[in-house]
Amino acid sequence: MGLFPGNCADFGPFRTFSGIHFAALGILSVLGVLFLFCASRCRALPCRKNIRLFLVIFLIALEIAEYSWKAAAGEWSPESGLPLHLCRIGVYVTSAMLITGNRYFFELSYFWSLGGALNALVTPTLSGINFPHFLFFKFFLSHGLLIVSVLYMMLYEGLRPYRASVVRVFAVTHLYAGIVALINLLLGSNYLYLCGNPGRGTVISSFGPWPEYLPFLWLMVTGAVLLLYLPFELYDIYGSRQKNVT
């Protein structure tokens with residue numbers, strides 16, 4: 001069962017860095033820039049609330065649509081269908097951020113949703129799915145919306161991470177990973193890819209089999225968090241030096 005499943009076979013299996021992959025990334029980038037540009041024209045508080053509400057509705061609607069499709073197709077199961085991967089849980093964290101404007105939700109969304117979505121878009125895990133399947137569009141739209149949502153809150157709501165944010169996010173991430181590891185043990189699942197390599201075409205797949213890749217996975221996540229914070233650290237250092245000069 002699926003939307004246009006027969007046509008998907010015409011394009012073969014999805015391949016990272018294929019023409020379809022680059023086309024999807026290009027279109028997403030253009031749509032994201034256009035959305036943020038149009039949002040810049042909307043500075044009144046009621047208008048900003050409407051934009052944030054639109055993003056929340058779109059994000060949740062995409063999740064509901066995917067769960068509904070998988071349930072109807074008999075493809076949903078608790079071993080793979082719970083919202084426990086970072087981008088999955090990131091949808092709800094990001095929605096909470098958009099609704100409340102809470103800076104702690106923003107911190108998690110910035111590092112989890114932005115970092116996870118960027119990695120997912122560059123190295124998608126689309127086993128058996130290709131253009132023009134519904135799940136192909138859902139995958140790219142959902143991850144693109146996560147990035148746009150974080151950028152919107154940074155550009156137009158004035159939120160940003162700080163050094164303490166890095167410490168908090170590290171602590172919450174380790175706690176969350178421990179909880180997910182227990183769930184994996186109970187369900188025999190592989191959420192957060194803690195119990196098995198996600199397969200070819202991803203960054204993790206180059207780190208070797210389980211459990212050899214786990215230290216590299218930890219280093220990758222740690223490096224991603226530090227790299228995402230680096231621009232703000234450099235900005236603060238530059239601002240501090242400018243104040244000392246004047």
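Worth a mention:
- The range 231-246, residues that are loosely packed, with under 13 Cβ neighbours inside 10 Å and assigned to a helix (DSSP H, G or I): Pro231, Leu234, Tyr235, Ile237, Tyr238, Gly239, Ser240, Arg241, Gln242, Lys243, Asn244, Val245
- Among residues of the range 66-106, those that are surrounded by 15 or more Cβ atoms within 10 Å (Cβ to Cβ) and small (Gly, Ala, Ser), counted: 5
- Residue tally, condition within 18 Å of Ala96 (Cβ to Cβ), open to solvent by 30 Å² or more (accessible area, probe 1.4 Å) and of a type in the set (A, V, I, L, M, F, W, C), over the range 143-158: 2
- Summed over the range 37-88, residues that are among the β-branched types (Val, Ile, Thr) and without any contact (Cβ under 8 Å) to a residue 24 or more places away in the chain total 2.
- Looking only at residues in the range 107-138 that are more than 10 Å from the chain's Cα centre (by Cα) and closer than 19 Å to Ile57 by Cβ, the one that is most open to solvent (accessible area, probe 1.4 Å) is Phe137.
- Residues within the range 159-183 that are β-branched (Val, Ile, Thr), without any contact (Cβ under 8 Å) to a residue 40 or more places away in the chain and open to solvent by less than 60 Å² (accessible area, probe 1.4 Å), tallied: 0
- Exactly one residue among Ala181, Ala164 is closer than 27 Å to Tyr67 by Cα and more than 18 Å from the chain's Cα centre (by Cα), and that residue is Ala181.
- Qualifying residue in the range 184-199 (condition: more than 23 Å from Ser77 (Cβ to Cβ), open to solvent by 60 Å² or more (accessible area, probe 1.4 Å), outside any loop (DSSP other than H, G, I, E, B) and out of contact with any Cys (no Cβ under 8 Å at 6 or more places or on another chain)): no
- Among residues of the range 210-230 that are over 20 Å from Asn190 (Cα atoms) and open to solvent by 70 Å² or more (accessible area, probe 1.4 Å), those with a beta-carbon under 9 Å from a residue that is part of a helix (DSSP H, G or I) and among the aliphatic types (A, V, I, L, M) at least six positions away or on a different chain give the pairs Leu226/Val166.
The values are calculated or read from the model by the stated rules, or taken from the named source; none is laboratory data. The structure presented is a predicted model; accordingly, all values stated were derived computationally and were not measured. Note: ideal-geometry Cβ built from the backbone for every residue, glycine included; neighbour counts use all protein chains shown. Quick note on the areas: whole protein, heavy atoms, side chains included, nothing else; ligands and nucleic acids left out. Shrake-Rupley method; radii C 1.70, N 1.55, O 1.52, S 1.80 Å.
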